[in-house]
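Bear in mind these aren't lab numbers, they're just calculated from the coordinates by the rules spelled out. Given the structure is predicted, the values throughout are model-derived calculations rather than measurements. Note that each Cβ is placed from the backbone with ideal geometry, even for glycine, and that neighbours are counted across all protein chains shown.
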Amino acid sequence: MSHDGLTKMTKIEVVVAGADASAVRELFQTTGATGFTSLSGVSGLGHHGYHQGRLLFNEQATLELLITVVPDTSVEALLAGLRPLLAESSGVMFVSDTYVSRPEYFT
Amino acid sequence: MSATLAVSRGERSRLRADVTLAARILAPTWPIETFIAINPLGGLEDQPFADALATAAEVFGARGTLDEAAFRSAYRAGRVTDADLHGALARRHPQALAMQPITLGGRAVTPLELLLADLLHGEPAPPPRRSCATLSEQIAPQVAGTVDAQTTKWCAAFLDAGQAGWAMPGRELGFYAAWRDLAPRDRSLPRAVRERLQTLPEHPEDAALAALDALGVHEGERRDYLQAHLARLPGWAAHVRWRSEHRAGIDLVSYLAQRLVYESELLREHETALAGARVEQPAPRTPSVGERALDVARALGLGEHVSAAETTDIAQLLEGVPVSRRTLVWLDAYESHHRDPLLQRLALPPAPARTDRPAAQLVCCIDARSEGLRRQLEATGPYETLGFAGFFAVAIQFRDLAGGAASALCPVLLDPRNEIHELPAGGAQELAERRVAGQRALAGAQEGFHAAKDDLAAPFVLAEAAGWAAGPLAAAKTLLAGPYGTLRGRLHERAAPRAPTTLTAEQGFTADERALFAQVALTMMGLTQGFARLVVLCGHGSTTENNPYEAALDCGACGGNRGAPNARTAAAILNGADVREHLAARGISIPQDAWFVAGEHDTATDRVTLLDRHLVPAAYHAELDTLAADLIEAGDRLSAERCAVLPGAPDRPSPRQAARHVRARSTDWAQVFPEWGLAGNAAFIVGPRSMTIGLDLQRRAFLHSYEAAVDADGTALETILTAPLVVAQWINCQYYFSTVDPVVFGAGSKTIHNVVGAIGVLAGHAGDLQPGLPWQALADGERLVHEPMRLLAVVQAPPARIDAIVERNTVLQQLFGNEWVALAAREHPGEAWLRHTPRGWQPWTTPQESAR
């Protein structure tokens, strides 16, 4: 697969309970991530069974998906905080290579 | 260089994670002006209730239930019976109860008799003691006190919301940076400490890590140590946690960095070397099973005649009910004594369905106080009432006529995205301008008066200029609270006359949003047919004087605000022709002659004000007048009912006298019991009004209307259980924990409260920010008005539907599975109640009923 002209970076996706999302966002920001995307009310099947998606009047009781892209040099610092956090939460984390066209947006 | 940087950033990141995990023992607390009832142990709801109490005892030294002396006193008063205790033992310790009788002194004594003797006469368990202490607490308590005093000082200065005469310099830089700049100049600290504070690192994480290192806290101990510091002043820490989620320039890392720096630096100055031995406090004495067995034998009249073998047999039995779990048995029994009769009353044949069209329908908030109003109104005339969360499904940012900052009027579980403005009604522009000008003049005068009081020289001038009037005014406010309140209200009315207004409901919501809201609201409350000509959406608020906890008495579903704007918005939407067309297309036909009206119930005065009369067509005015008169009559009767339990209220007053009394009470600036709020709340009932109509539930139940038949897919029930029930459970837990441990979870006595920074209160002039409810919201002296019980949810819906909802919602699995909330259900009226248990649905019966 060709990625001519693109810059390699790392994408980190975290799915956590809405109540834990602010802690993850704070970690993203304090470890140098310049931005993130969040999707609230995500549903799915996991280790703890099925999770309901969007609830009409409760945005805290559902799962939230948070996505950020960071330069490879920031990955370890971010993971150092996320690992213990997720070890004691019902959340999951996916780390993968990604390619971006505007690297200056992410550094 | 980059590797060093990465390691350093990783350490900071790791510390932040540790702080986050340590802070799970804290539930964020809101500023007092929008007091939100929360479960102080909300962060532990993923644990069984009993385990969470054990954690709270260890970390905070907090009591999680009433103590055994209080339960035994309740037993002597008949509030708990042997049958209640039998049922509780059967549910909690069935194996112990199923053991063989023991022969004692030639008589076969049943396990029940022995366990009851232990519960009633055994040596009480020792009070909980905080076992996670900071180093300074252990070796130099005066240093721990200084750290706390510094924490209070800097947090109060930084978080001040306009009360302080001088703002903390550098607040815009954030808490850590501002404190780092100012702390070295604090002359209350030793010179050497001040000098070392000049070299603090730029990042709070680095300062915290260095301090932890100096204190000898290793990485494996770090989280517990951070937790010990958070639990030392849990009120401040919990409020900082809330602030950190609202980008207020302070977070728990900077809060802890400040505390840890002070502790490490002050301990360096202390005579006690850091290497010195920690003083171990002796563990509190817990009676052994052998001692308990002897107590039981004595209680059974066997005295010293019990043999060693018999003592061993008793001890073996008692091992099945550890002393630490006895209060949970008591709590279960205490709850059963309320729950069993309640469910029996709810099992009575339902009221016959109404065949005529009601004169009006009143949709009240689920708030337990609405139950009294609904019951009294139904007794007054041919009215029908319903219950729904008081924000009426419209989550709004509201800006009133005067402009200013918008208020979030919705449950805190939601982030409101629709902004609603109040505008002058057609032709009322001039009057509206007079009102706004009058309000600004009154606010300016009040602000000027307070500013003058706080100034350096102005108080002398103020005393000269206004002192002659202040004394008589204060006397009038105190001695003639009622007439003074009436007079002041009239003067306010004259200065800022009421002006008819409208809300921008059409502009604030898209057509699709309005249609969705209307459909959801009506389906959730089961009001899809049988509409009256007048349907009143009745929000609520509370008018009290000189009461920092005023917001605690307002509507929780409206974020600790008054609910009128939500009711007005919802009524406007439901009167919209386009919305009604949409509803009709989905099978909800609102008759053309049905009109929605907004109202607001003042829970301190029992007055219901019908709002926006200028928007109501003239054809309804006569009916509206009749309804208004009946609401006054119902309110007066409710006042008489409430006077029976309000301290200092007249004895057996007529409804008129009672109404006058509660009105005077609400304007009395010295009144510490303006109303009882939600004290006594114990149940959350989901079902049609036919389940509860005619029953006096004593304002102790949240009532949510629901018709299972119009909710085949369970969407409405899922919304009720995941939002209104959650809010009700927070309220219930706030009252529960504030009662069982008023020192750790409550707010102590109002009489020594000082408002600090307009964010909360201190008991006295220093110490922790008081996190919960004041004692005067829970008890009258030693007499508990709030009986601390966990919430009982009663749902009339198919159990399989409830199971499916619980299965896909973790929040419900935790609440029901971990015993934070009990759940009873039945599908149809007349069927027996079922109890939700880990083993599935079980009959809700007492052991005596099972035996029959």
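The lysine pair count for the protein assembly as shown, using Cα distances under 24 Å and pairs eight or more places apart or on different chains, is 5.
With a Förster radius of 35 Å applied to the beta-carbon distance between B:ARG187 and B:VAL755, the computed FRET efficiency rounds to 0.80. Assuming a ≥ b ≥ c are the square roots of the Cα gyration tensor eigenvalues, decide whether the protein assembly as shown counts as rounded (a/c under 1.5), prolate (otherwise, with a/b larger than b/c) or oblate. Rounded, because the longest to shortest axis ratio a/c is under 1.5. Computed from Cα positions, the angle between helix A:18-30 and the longest principal axis of chain A comes to roughly 20 degrees. Please report the net charge: other residues with Cβ closer than 9 Å to the Cβ of B:LEU233, K and R +1, D and E -1. Overall, the nearby charge balance is 0.
Rounding to the nearest 20 debye, state how big the charge dipole of chain B is about its Cα centre with +1 on each Lys and Arg Cβ and -1 on each Asp and Glu Cβ.
With Lys and Arg at +1 and Asp and Glu at -1, about 920 debye.
Stretching B:ALA353 away from B:ALA69 to a fully extended chain increases their span by 97.5 nm, per 0.36 nm per residue minus the current alpha-carbon distance. Let me check I've understood the local charge: for B:GLU718, count other residues with C-beta under 13 angstrom from its C-beta, Lys and Arg +1, Asp and Glu -1. What total comes out? With Lys, Arg at +1 and Asp, Glu at -1, the net is -1.
Would you mind telling me the antiparallel percentage of the DSSP bridges in chain B, rounded to 5? Roughly 45 percent of the DSSP beta bridges within chain B come out antiparallel.
Please average, across the residues of B:716-729, the number of beta carbons from any other chain that are within 10 Å of each residue's own beta carbon, and give a whole number.
Counting Cβ atoms of other protein chains within 10 Å of each residue's Cβ and averaging gives 3.
Both radii were evaluated on the Cα set of chain A; the Rg over Rh quotient, with Rh as the Kirkwood radius, amounts to 1.01. For an R0 of 30 angstrom, estimate the FRET efficiency from the Cβ-Cβ distance between B:ASP400 and B:ASN546 and round to the nearest 0.05. Result of the calculation: an efficiency of 0.85. A simple spin-label model places the labels of B:LEU480 and B:GLU304 7.4 nm from each other, with each point 7 Å out along Cα-to-Cβ. Neighbour counts of C-beta atoms inside 10 Å place B:CYS555, B:CYS643 in the sequence B:CYS643, B:CYS555, starting with the fewest. Farthest toward the positive end of the dipole of chain B, out of B:ALA441, B:ALA800, B:LEU26, is the Cα of B:ALA441, where the dipole comes from beta carbon charges about the Cα centre. Computed over neighbours whose Cβ is under 15 Å from that of B:ALA499, the net charge equals +1, Lys and Arg +1, Asp and Glu -1.
Once you reduce segment B:342-359 and segment B:159-235 to the center of their Cα atoms, the two points are 61 Å from each other. Across segment B:286-349, the volume of the C-alpha convex hull divided among the residues equals 108 Å³ per residue. Can you work out the base-10 log of I(q)/I(0) for segment B:572-683 at q = 0.15, 0.17, 0.19, 0.22 1/Å, using the Debye formula on its C-alpha atoms alone? Values returned for q = 0.15, 0.17, 0.19, 0.22 Å⁻¹ are -0.78, -0.87, -0.96, -1.12. With a 10 Å cut-off around each Cβ of A:20-31, the average count of Cβ atoms from other chains is 4. Each residue of segment B:824-829 is assigned a 3J(HN,Hα), and the resulting list reads 10, 8, 7, 7, 10, x Hz, derived from the Karplus form 6.51 cos²θ - 1.76 cosθ + 1.60 (θ = phi - 60°), x at Gly and Pro. The alpha carbon radius of gyration of segment B:190-274, expressed as a multiple of 2.2 N^0.38 Å, is 1.12. Under a Gaussian network description of chain A, with springs only between Cα atoms under 10 Å, the residue in A:ALA77, A:ALA87, A:ALA61 that fluctuates furthest is A:ALA87. The residues B:TRP468, B:TRP730, B:TRP179, B:TRP669, when put in order of fewest to most other Cβ atoms within 10 Å, stand as B:TRP468, B:TRP669, B:TRP730, B:TRP179. Residues whose amide H comes within less than 5 Å of that of B:PHE684, counting only those at least five positions distant or on another chain, are B:PHE702, B:LEU792, B:ALA793, B:VAL794 (H built at 1.01 Å from N in the peptide plane). Taking amide H as placed 1.01 Å from N in the peptide plane, B:GLU707 has its amide H under 5 Å from the amide H of B:GLY526, each at least 5 places away in sequence or on another chain.
Between the listed residues B:PHE391, B:LEU615, A:HIS51, the Cα displaced farthest toward the positive end of the dipole of the protein assembly as shown, a dipole computed from Cβ unit charges relative to the Cα centre, is found at B:LEU615. What would the Debye equation give as log₁₀ I(q)/I(0) for segment B:56-149 at q = 0.17 Å⁻¹, counting only Cα atoms as equal point scatterers? Normalising to I(0) and taking log10 leaves -0.86. Backbone geometry of segment A:102-107 corresponds, through the Karplus equation with coefficients 6.51, -1.76 and 1.60 at θ = phi - 60°, to 3J(HN,Hα) couplings of 10, x, 5, 5, 10, 10 Hz, x marking Gly and Pro. In order along segment B:385-401, the phi-based Karplus estimate (6.51 cos²θ - 1.76 cosθ + 1.60, θ = phi - 60°) of 3J(HN,Hα) comes to 10, 9, x, 7, 4, x, 8, 6, 6, 10, 8, 10, 9, 10, 10, 7, 4 Hz; Gly and Pro are listed as x. Using +1 at the Cβ of each Lys and Arg and -1 at the Cβ of each Asp and Glu in the protein assembly as shown, identify which of B:THR751, B:ALA98, A:LEU27 lies farthest towards the dipole's positive end. Sorting the options by dipole projection puts first B:THR751.
Inter-chain neighbour count for B:807-820: the average number of beta-carbon atoms from partner chains within 10 Å of each residue's beta-carbon is 3. The Kirkwood radius of segment B:137-246, taken over pairs of alpha-carbon atoms, gives through the Stokes-Einstein law at 4 °C and 1.567 mPa s a diffusion coefficient of 84 µm² s⁻¹. Counting neighbouring beta carbons within 10 Å and listing from fewest to most, the residues B:THR667, B:THR103, B:THR486 come out as B:THR103, B:THR486, B:THR667.
Computed about its Cα centre, the charge dipole of the protein assembly as shown is approximately 1280 debye, with only Lys, Arg, Asp and Glu carrying charge at their Cβ.
Rounded to the nearest 20 debye, the dipole magnitude of segment B:28-76 is 300 debye, with +1 charges on Lys and Arg beta carbons, -1 on Asp and Glu beta carbons, and the Cα centre as origin.
Close amide H pairs (under 5 Å, H built 1.01 Å from N) link B:VAL363 with B:LEU386, B:VAL536, B:LEU537, B:CYS538, residues at least 5 positions away or on another chain.
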